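The values are calculated or read from the model by the stated rules, or taken from the named source; none is laboratory data. Model, not experiment: these values are computed from the prediction. Cβ placement follows ideal geometry from the backbone for every residue including glycine, while neighbour counts extend to all protein chains displayed.
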Amino acid sequence: MKELYKRISIKDQKTIFKEALKKEIHLSEILQIKGLTYDNLRYNNYVNGFTRDDKLSPIEEIRIEDKSIPAISFFSGAGGMDLGFEYAGYETIACVENTELFCDTLSLNNPKRPVIGPPYSHGDISIKEEIAEQLEKIIGKKKPFKGVFHGGPPCQPFSIASNQRFRKGDLNFKRKGFDDKNKGNLLFDYVWLIEHFRPTAFVIENVPGLKDIDNGAQLSEAIEILRKVGYNINEPTVLNASYHGVPQNRTRLFVVGTLKKRKKFQYPEKTIYQSPCIDTFEMALDGLDNHETRKHTVSSITRYVELDFGQRDQRGRVDRLNPFLPSKTVIAGGTKGGGRSHLHPYIPRTLSVRESARLQTFPDDYIFTGSTARQFTQVGNAVPPKLAYVIAKELRKVL
C-alpha cells in the first residue's frame, strides 16, 4: 500500500490561505496555479490513509450467475434494488420509473433492458391501468406472474429528514404521509399492481416512517389487502444497512410477501459488528466517472481543518467522517442536490458523487447521469445494492 495523497505542510497550507484572501483569488484557482488540488490539503489533526490500486466492487465478488428468477422493479430510481437482486441471481426484465433523469441512468447502465418511463412513456404508477398494459406487453397476461416485484414508493411524505428542511410555519413541516395527494397513495397503486399480476413474491421498501404514519393503520390496510389475495406476509421490519455489509448507518423498512404454500421468508440475520467506512476511502479513484469534487472557499476550508473525527462544522452542517465507524446516512437532498452532508475523513472537503456511491455499495463502473447535483440526488435516494442483495438472497431460498 502507498500513501493516499501527498500532503503539503500545515505551514504552507496557511500561507496559501492567506495569499488567496490577500489577492482575492478563489482557493481553487490558487491551488491550480501551484499545481495542487484540494486533495493535497490536510486537517490540523492529520491522519493519512493508504490506497490500494483496485477499484470498488464489493458485491461482484458474491454475485450469483444463475439468473433463473425474473424480477420487475417499480419506482426504480437509479437502480440500487435492481443491482442487489441481480447479484442474488435474479434477472431484471423491466423497470418502471417516472423521472426522466433516473431513466437515463437506468438505460445507460443497461441499454437492452426495457424501461417504462420518460421520454418514451410516463412511468407514472398512479396511472396503474396503463402501466399494467405496458407490462403485459413484456411479460404477457398469464397470471400469476412467476417472478418478483420489488419497489419503494417515494418516501418523502413519510420521511422525517425531508420535512426538517421546512420551517415550522410551513404547511409541509408536518409529515403528511398518505394525505400527500401526489405521492402518499402510490403505495396502494403498487399494491393494486401486485394484486393484478400476483407475482410469486413481492418486496415493499421504504423509510421507517412509513410504519408510524396513522399509527400504522394505512400500512396495515395495504398488507391486509395482499393477505386476502393469498400472500404470506412478514411483519414489517426495519434493517440498518451497516449490519449487512454496507459501510453506512442507513435504516430502511421492508415488507416481504410470498404466495402461500411456500416456506415463509425470513429476514437476514445481522452481523455482530457494523461495517466501518474505511475501505471506501482507501481504494483508487483515478479515471473514475462521477468524481468531481466541490470547490470550497478559504473560509469553509479553514473551518473544516479544525475538526476531529466525527465532529460537525455547525455553520455548514457537515461532519468529518470517522473511518473506523459506518458513515452517516447519505442523503438525497432536494431538487438542487444533496449528499454533501459529509466531509472526507482524510481530506478537508465534502465527498464526491463516486465516494458517496461507494458508501452506498454501488460498484465503480455504475455511472450516474445529469448534473452533479442531480447525481447526488440519485445516489442519496437509492437503496444500497448490498442491502437489497441480502434481502434478495434470503428470498431466493424461499423461491
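Summary of values
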quantity	calculated
Checking R374 against (1) basic (K, R); (2) farther than 21 Å from V207 by Cβ; (3) within 16 Å of the chain's Cα centre (by Cα), the condition it does not meet	(2)
Residue check, S300 assigned by TED's automatic domain parsing to the domain that holds I367 and outside any loop (DSSP other than H, G, I, E, B)	yes
A241 within 30 Å of F85 (Cα to Cα) and either modelled with pLDDT of 95 or more or surrounded by fewer than 13 Cβ atoms within 10 Å (Cβ to Cβ) (or both)	yes
Filtered residue count, region 244-295, keeping only those that are more than 22 Å from S341 (Cα to Cα), β-branched (V, I, T) and surrounded by 20 or more Cβ atoms within 10 Å (Cβ to Cβ)	3
Region 93-138, residues that are surrounded by fewer than 19 Cβ atoms within 10 Å (Cβ to Cβ) and of a type in the set (V, I, T)	I93, I127, I138
Residue satisfying condition, being farther than 26 Å from G380 by Cα, touching a residue at least 12 places away in the same chain (Cβ under 8 Å) and in the same structural domain as V229 (by TED's automatic domain parsing), within set P114, P119, P153, P144	P144
Flag for E292 being among the charged types (D, E, K, R) and touching a Leu at 6+ places or on another chain (Cβ under 9 Å)	no
All positions within region 189-228 that are modelled with pLDDT of 95 or more and in a loop (DSSP other than H, G, I, E, B)	R198, P199, T200
Single unsatisfied condition, Y87 versus (1) at pLDDT below 95; (2) in the same structural domain as S299 (by TED's automatic domain parsing); (3) among the hydroxyl-bearing types (S, T, Y)	(2)
Flag for G216 being without any contact (Cβ under 8 Å) to a residue 40 or more places away in the chain, at positive phi and in contact with a strand residue (DSSP E or B) (Cβ under 6 Å, 6 or more places away or on another chain)	no
Criterion: of a type outside the set (F, W, Y), out of contact with any helix residue (DSSP H, G or I) (no Cβ under 8 Å at 6 or more places or on another chain) and assigned to a strand (DSSP E or B) - qualifying residue of D308, D319, D279	D319
Odd one out for G333 among (1) in contact with a Gly (Cβ under 7 Å, 6 or more places away or on another chain); (2) at pLDDT 95 or above; (3) more than 29 Å from S9 (Cα to Cα)	(2)
